[in-house]
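Inspection log for the structure reproduced underneath, given as structure tokens.
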């Protein structure tokens, strides 16, 4: 008989049903609340025994801390954060999230296959596919507009980090690389975003970037939905990514992007491509109608200062037939009931004297974070492990 695993928090106990995935700093399990067996959750378990010299990983603390400040239907809910240090085991940090059915990558694959079963020659816009993509993109832009209005950059948007809730609502997840935007703009690391969704300014080595990096990623995701699940820019390396972007969207000049000459990796000897962006997008996104192409051309602009914002993208005519009454908009003044557990031990974890003794670098890693983040990214590249996500 298989032994039941029970995870205790400050307020309840969770019975583990199955593993959902693993990553560099821990694993994700599906569980139910012992006090309410119908309440299914996904628990991220951060095992700390391998990182005692540097404390709680900065990315883990950052994700949990940011999600505790956000409350919107299009952002994954964090119910509870708990830290425990059992006498007979290693310290454990866990975040209890809402359980989601799938990620957008898998959701798109299933939808596209169903579409191909009915329309084998899938080469032109189809009304039901357009409506499907439009609803998803409206929710993604709504959630990101909410994040940006709270000065949060996600910095790692990709279909695998966008989740589908059990009720079919899109949820933005995995805020491990998210950062708060501040003025004056500080220098940020370049190694953010999965390469295929990375904005050109990051590929070219910009030191100070803005939430517009997320807008580029949103554009890449939209194009992928309208390409039947095929990535728009599947580059093999960073220079290949730059070439693809320039080939499809034109090589920037100092007239179109005055600051480009100051970017670390820009070379005036780069090949010069001139092109009709909308025509290229039509050829790349066969399932997109004219209005969708127009929106894509505004999201995927090389100059970040000319890229449309998420809040303005929501006003684009492509979304004119969206029933906005179904959604809590990013700027809504409606006070949402918080899903967060008020008895969370997150702040206690940071301030607890005993925890500080065993995680003496936790605060230092919060302020520096770069070395531990780099180790995580290097380890991810070596091990090629799947993204940890709170999905079923």
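Read-outs throughout are calculated quantities, based only on the coordinates presented, and are distinct from any laboratory measurement. Every value quoted in this text rests on a predicted model; they were computed, and no experiment measured them. Ideal geometry is used to build each Cβ from the backbone, glycine not excepted, and the neighbour counts take in all protein chains shown.
If you take the alpha carbon atoms of the stretch 74-139 and fit the smallest convex hull around them, that volume is 119 Å³ per residue. Modelled this way, with points 7 Å down the Cα-to-C-beta line, the labels at residue 290 and residue 122 are 2.6 nm from one another. Out of all Cα-Cα pairs in the stretch 102-326, roughly what percent, to the nearest whole number, are more than 20 Å apart? Taking all Cα-Cα pairs of the stretch 102-326, the fraction more than 20 Å apart is 58 percent.
For the peptides 36-42, 119-125, the ranking by mean Cβ contacts within 10 Å, running from highest to lowest, is 36-42, 119-125. Tell me, what is the percent relative contact order of the stretch 117-188, built from C-alpha pairs under 8 Å that lie six or more residues apart? Reported relative contact order: 28 percent. Fewest-first ordering of 32, 197, 327 by other beta carbons within 10 Å of each residue's beta carbon gives 32, 327, 197. Packing-based ranking of 244-255, 73-84 yields 73-84, 244-255, ordered from highest to lowest mean Cβ neighbour count within 10 Å. Of the peptides 162-170, 90-98, the ranking by mean beta-carbon count within 10 Å, highest at the top, reads 90-98, 162-170.
Entry note, the stretch 102-326: relative contact order of 23 percent, from Cα contacts under 8 Å with a spacing of 6+ residues.
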